[in-house]
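Scroll down for the structure; my scribbles are underneath it.
FYI, it's all coordinate maths here, none of it is from the lab. Note that the structure is predicted; figures quoted are calculated from it, not measured. Here Cβ is always computed from backbone atoms with ideal geometry, including for glycine, and neighbour counts include all displayed protein chains.
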Amino acid sequence: MSHSLKSAALAATLLLATSGAAFTDTATAEAKAENEAKIQMAVSIGSKAWKDAFNAGNAAGAAALYEDDAIMVVKPFGTFKGKDEILAFGTDLVSKGFDDVVYSKTTTTIVDSSSASVSASWTMNNAHGIITNEHWVIQEDGRALMREDHFEVAQ
């Protein structure tokens, strides 16, 4: 086999090897991007459902968008653990006439392959503040539920 033929064969082998790696890298990147888009969509749907429920005065509907053992940290009011405590806090707010929550300056950050964190400013009819971390986790059925909810109230 001539030197140029060996060189051509080596070049072809390297091209095939690297193009296969590039294809694998591209496929992996596309799969990751697709998964992140699914997370973004599920979190967006969950967040809208939470706001819609709260604004309709449906504290139970809003609480249903938390995992059973979720934690809510509300500065300066305290920490609420589990759906029952979160529901009690929400029911109290709704009974006092709080509603019309609107998020602005919203940022959603992918945390890992099954969750994202949301931060935002928020306003409502009787208060305003910031969300430092709504940690949304994708469930087996594809829905996103909140595992952690950290926000501050500034009057």
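Computed values, structure above
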| quantity | calculated |
| --- | --- |
| Residue-span extension gain [Lys75 to Val153] - 0.36 nm each, minus C-alpha spacing | 27.5 nm |
| Restricting region 120-153 to GluC sites (Glu not before Pro) in coil, as DSSP defines it, with at most 13 other Cβ within 10 Å | Glu140 |
| Estimated FRET transfer efficiency (Thr132, Ile110; beta-carbon r; R0 22 Å; 0.05) | 0.80 |
| Neighbour-limited loop hits for trypsin sites (Lys or Arg not before Pro), region 58-155 (at most 12 other Cβ within 10 Å; DSSP other than H, G, I, E, B) | Lys96 |
| Too-long pairs where the Cα-Cα distance tops 31 Å, listed order kept, from Lys32/Lys75; Lys48/Lys96; Lys38/Lys96 | Lys32/Lys75; Lys38/Lys96 |
| Distant-in-sequence amide H partners of Ala70 (H built 1.01 Å from N, under 5 Å) | Gly82, Lys83 |
| Approximate spin-label separation Glu34-Gln139, in nm, with each point projected 7 Å along Cα-to-Cβ | 2.5 nm |
